[in-house]
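The values are calculated or read from the model by the stated rules, or taken from the named source; none is laboratory data. Note that the coordinates shown come from a computational prediction; the quantities given were computed from them, not determined experimentally. In this analysis, Cβ positions are derived from the backbone assuming ideal geometry, glycine residues included, and neighbour counts consider all displayed protein chains. Note: accessible area is taken over every heavy atom of the protein model, side chains too, but ligands, DNA and RNA are not part of it. Shrake-Rupley method; radii C 1.70, N 1.55, O 1.52, S 1.80 Å.
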Amino acid sequence: MKGKYGFGGRLTESFPSQVIIDVTEVCNLACIHCPHADFVKSEHYSGRHLDPALNRKAVDEVRECGNGGKQLIRYSSEGETLLHPHAFEMLDYAVRHSGAFVTLTTNGTILPETEMKNLLSAGLHLIDVSIDAFSPETYREIRRGGSLQITQANVKNLLRWVRECGAKTKILVTFIEQPANCHEVGPFTNFWKEQGIEQIIIRRLHSAAGAVKWRADAQHSRQMGRERRPCIYPWERVLISPRGEIAYCPADWSHASTVADFREKTIAETWCGKFYQALREAHLKNSFSCFPFCSQCPDWEEVRWPDEGRGYGDLIGDAKGA
């Protein structure tokens, strides 16, 4: 198994190809495929926002240690990224100072014109809007607390602002396919193509590393008797959490994948350190006695290695070629 999985191409040994900056635990929706509704009731939640100083530290380290335009900084949160009180300033700093490809993931419910135009003019590379529905009824069922009409209007405005600013920012919309919306994949795709969006991403439904129990149970049942393969995350990405910690899993809602305190350690030394080496070895050997969080997670089947299909990291090339 070691020969098939490991570093190579966009997966670099000296520094992660993706640095995910999770800026807030706060969200304004309660999506049925997301653990957030349970998260806010748990002992792990306290409505934290990432210290902007740690955002600057991460951006500066990507500039100094990363691989230039081949590096990806993703602003994607356990909550809604743009609810951080300093979200726009942090994004602007990353765009202007990281030298990397910077993306924003948002639910599209709050896209203020002035702030968004400033980001577009600064050169934000990509905005990924999670919508998951074509009809208002399905949207209400899946993205509880939101309005499809408002979200659609916001995205249409965003497309117009891109044109007005002459920005090169790529806008894409995403759809997590699941039982409640699988009948709307076609209409969703056609609608957004008609609005001028060239890339519509239909994503696989994950269990959020086991946190969405009904999905995890179904995945575990399907995987019975099958050999597990390594998850790509230990070779691809790190996460900076709202608590100011470095974690190895972006789907961790219980702080079980925390590796180090980012106030005291760097991304590079953590990535090259003994913990990550042991984590990769555990995945290669399918032996998780020291990593129970990985052991219980069924999502390894849903994540893609570079030779298994297109992943989020491929969006860098897509946007540059657009």
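Quick notes on this one:
- Percentage relative contact order, the chain, counting C-alpha pairs under 8 Å, at least six apart: 21
- Unsatisfied cross-links (Cα-Cα over 28 Å) in the set Lys4/Lys70; Lys156/Lys213; Lys170/Lys274; Lys4/Lys170; Lys117/Lys213: Lys156/Lys213; Lys170/Lys274; Lys4/Lys170; Lys117/Lys213
- With the convex hull constructed from alpha-carbon coordinates only, segment 32-99 shows a mean projected area of 5.6 nm² over all directions.
- In order along segment 269-278, the phi-based Karplus estimate (6.51 cos²θ - 1.76 cosθ + 1.60, θ = phi - 60°) of 3J(HN,Hα) comes to 5, 5, 4, 9, x, 5, 4, 5, 4, 5 Hz; Gly and Pro are listed as x.
- Accessible area per residue, Å², segment 181-230 with all protein chains present, probe 1.4 Å: 55
- Carbon/sulfur fraction of accessible area - the chain, other protein chains in place, 1.4 Å, %: 50
- For segment 138-263, the relative contact order comes to 15 percent (Cα pairs under 8 Å, sequence separation of at least 6).
- Arg228 paired with Thr174, simple spin-label distance in nm, labels 7 Å along Cα-to-beta-carbon: 2.4
- Rg ratio for segment 220-321: its Cα radius of gyration over 2.2 N^0.38 Å, N being its residue count, equals 1.15.
- Efficiency of FRET from Cβ geometry, Asp60 and Asp217, R₀ 56 Å, rounded to 0.05: 0.85
- Normalising by residue count, the chain has a Cα convex hull of 129 Å³ per residue.
- Accessible surface, per residue, of segment 80-133 when the full set of protein chains is kept, probe 1.4 Å, Å²: 30
- In the chain, the DSSP-assigned H stretches of four residues or longer account for a calculated mean residue ellipticity at 222 nm of -10500 deg cm²/dmol, using -39500 (n - 2.57) per stretch and the full residue count as denominator.
- Segment 1-143, relative contact order [Cα under 8 Å, separation at least 6], %: 26
- Pairwise centroid distance, computed over Cα atoms, of segment 219-275 with segment 29-61, Å: 15
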